[in-house]
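Okay, so here's the structure we're looking at.
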Amino acid sequence: MEQRHLGRTGLRVSRIGLGTLTWGRSAEGPDEAGAAEQLKTFWEAGGTLVDTADVYGGGEAEYLLGRLVDKLVPRRELVIATKSGSVRDPDRRCDASRGHLLAALDDSLARLGTDYVDLWQVHAFDPHTPLEETLQALDLAVAGGRARYAGVTGFSGWQLAKAATWQLAAPGTRTRLASTQMEYSLLQRGVEREVLPAALDLGVGLLPSSPLGRGVLTGKYRAGTPADSRAASQTMAAFVDPYLDEASGRIVDAVATAAHGLAVTPLQVALAWVRDRPGVVAPILGARTAAQLGAALSVEALSLPEEICRALDDVSAPVHRYPDQDWSTL
């Protein structure tokens with residue numbers, strides 16, 4: 001698998017990442033044997049970037065990954081990314097205080113069974129904590145060797161620009177942001193308004209989450225809701241429902257048409273499109289089974305023709321209005 005630099009850093013990662021959002025969830029995710037099979041399939045295909053978080057499965061995703069590393073795959077051959085900051089508090093979605101973040105990182109390292117993570121990400125912007133305090137936690141973690149690189153997830157355009165600029169203001173002292181993780185797919189192109197332009201300008205790599213439109217872009221919902229799908233799950237149905245509307249259906253139909261013409265699957269078309277967008281480093285891909293993951297990883301050999309990309313761009317184009325970036329040309 002092709003390797004790409006993560007933002008404007010020396011860290012190289014596979015251009016597809018393995019997501020573990022459902023690991024440790026008995027109903028929706030793989031058991032330990034299934035997770036082991038996924039990790040082995042991913043690594044044997046040349047994948048290196050594995051993305052997790054301290055809240056996935058209540059910490060079980062990190063435990064599971066930690067049990068598998070070295071037993072199946074040498075630690076040095078993986079780029080392990082985790083996140084800290086999300087909290088289970090009805091009054092506070094995120095705690096990005098220095099104290100909480102550093103304590104959470106220690107807990108993540110213990111669950112993962114490693115001395116360091118390759119990429120440590122702040123899971124969300126915390127409006128109740130001064131941003132410089134949050135960013136100082138990243139500096140301390142990198143300086144102390146517990147994290148090699150740092151990034152953020154879920155930051156809006158202005159939040160990302162402010163954080164990245166603050167870090168760049170003192171080169172050699174502060175840790176530049178390597179990445180930002182946001183949802184990005186043919187069904188969700190909102191990052192193109194402000195987040196992606198900021199990331200491109202500041203040298204921050206984009207790691208798209210839900211690159212298959214929460215599974216909808218695979219085309220499996222075109223004829224209804226399969227009984228074993230996320231949309232049929234009580235806990236995940238609300239996650240999928242926003243992309244089962246008429247507008248999304250037109251985009252899915254276009255993807256299916258393109259796939260038919262190229263003799264590939266809709267999944268491969270949708271994944272290749274987002275993988276090769278400007279500023280994208282590695283879409284984070286989750287799967288229920290190793291077979292599903294293997295089918296997705298077969299996209300490595302596919303590059304979409306320019307005319308197909310233009311057609312998909314047109315059918316899924318987001319609406320840009322004042323004051324989106326470059327509004328003077330609209």
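The values are calculated or read from the model by the stated rules, or taken from the named source; none is laboratory data. None of the values given here were measured: they were computed from a predicted structure. Because the Cβ atoms are built from the backbone with ideal geometry, glycine has one as well, and the counts that use them run over all protein chains shown. We work out accessible area using only protein heavy atoms, side chains counted, and drop any ligands, DNA or RNA first. Shrake-Rupley method; radii C 1.70, N 1.55, O 1.52, S 1.80 Å.
Scanning segment 23-44 for residues that are touching a residue at least 24 places away in the same chain (Cβ under 8 Å), open to solvent by 10 Å² or more (accessible area, probe 1.4 Å) and assigned to a loop (DSSP other than H, G, I, E, B) yields a total of 6.
Let's see how each residue does on (1) in contact with a strand residue (DSSP E or B) (Cβ under 8 Å, 6 or more places away or on another chain); (2) over 18 Å from PRO211 (Cα atoms); (3) basic (Lys, Arg):
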site	(1), (2), (3)
HIS5	yes, yes, no
ARG15	yes, no, yes
ARG25	no, yes, yes
LEU64	no, yes, no
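Taken over segment 60-102, residues that are outside any loop (DSSP other than H, G, I, E, B) and under 25 Å from LEU206 (Cβ atoms) amount to 13.
Condition check: in contact (Cβ under 8 Å) with a residue 24 or more places away in the chain, of a type outside the set (Gly, Ala, Ser), in contact with a Gly (Cβ under 9 Å, 6 or more places away or on another chain) and buried (at least 22 other Cβ atoms within 10 Å of the Cβ). Does THR82 satisfy that? If you could, list the steps in order and put the result at the bottom.
Values: in contact (Cβ under 8 Å) with a residue 24 or more places away in the chain: yes; of a type outside the set (Gly, Ala, Ser): yes; in contact with a Gly (Cβ under 9 Å, 6 or more places away or on another chain): no; buried (at least 22 other Cβ atoms within 10 Å of the Cβ): yes.
No, not satisfied.
Of all residues in segment 105-151, how many are farther than 23 Å from GLU77 by Cα, open to solvent by less than 60 Å² (accessible area, probe 1.4 Å) and assigned to a loop (DSSP other than H, G, I, E, B)? The number of residues fulfilling the criteria is 5.
Of all the numbered requirements in (1) in a loop (DSSP other than H, G, I, E, B); (2) touching a residue at least 24 places away in the same chain (Cβ under 8 Å); (3) closer than 21 Å to ARG146 by Cα; (4) open to solvent by 30 Å² or more (accessible area, probe 1.4 Å), MET1 misses one, and that requirement is (3). Taken residue by residue, segment 314-328 has no member that is at pLDDT 95 or above, surrounded by 15 or more Cβ atoms within 10 Å (Cβ to Cβ) and on the phi > 0 side of the Ramachandran plot. Please verify whether segment 161-169 includes one or more residues that are open to solvent by 40 Å² or more (accessible area, probe 1.4 Å) and part of a strand (DSSP E or B). No; the residues of segment 161-169 include none that is open to solvent by 40 Å² or more (accessible area, probe 1.4 Å) and part of a strand (DSSP E or B).
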